[in-house]
Amino acid sequence: MYSAVMAAAIFGPTFLVVLTFVLLAVVLPLWTFVDILRRRRDVFSATGLTKTAWIGLTTGLTVATFVLPFMGLVTVGFCLNYLFRVRAKLK
């Protein structure tokens, strides 16, 4: 934690905000991807999309985040939607 505070002192407080967002844009899609892979294919019928479609959407949005940085907001929103709303339907 000390190094992050020191980095903020060097680069400014915006650095911590950007670092937090970048971590969210990397960790959330990874968590979502792993969660999708661990579930059986047949439970996804409750969502209206196939398991392959969910994997494709997660992968595509994650790649788009690295090409177009503003897509990170869409990717984080998509992953949060999956983790909090869609996962409940899968159980």
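Computed from the coordinates by the stated procedures, all read-outs in this text should not be read as laboratory data. Computed from a predicted structure; not experimentally measured. Here the Cβ positions follow ideal geometry from the backbone for every residue, glycine too, while neighbour counts run over all protein chains shown.
Scan segment 57-70 residue by residue and report those that are out of contact with any Ser or Thr (no Cβ under 9 Å at 6 or more places or on another chain) and either in a helix (DSSP H, G or I) or over 22 Å from residue 25 (Cβ atoms) (or both). Within segment 57-70, 57, 59, 60, 63, 66, 67 meet the criteria. Among the residues of segment 8-47, those identified as under 21 Å from residue 81 (Cβ atoms) and among the hydroxyl-bearing types (Ser, Thr, Tyr) are 20, 32, 45, 47. Can you tell me how many residues within segment 44-80 are surrounded by fewer than 17 Cβ atoms within 10 Å (Cβ to Cβ), in contact (Cβ under 8 Å) with a residue 12 or more places away in the chain and over 23 Å from residue 21 (Cα atoms)? Residues in segment 44-80 being surrounded by fewer than 17 Cβ atoms within 10 Å (Cβ to Cβ), in contact (Cβ under 8 Å) with a residue 12 or more places away in the chain and over 23 Å from residue 21 (Cα atoms): 2 in total.
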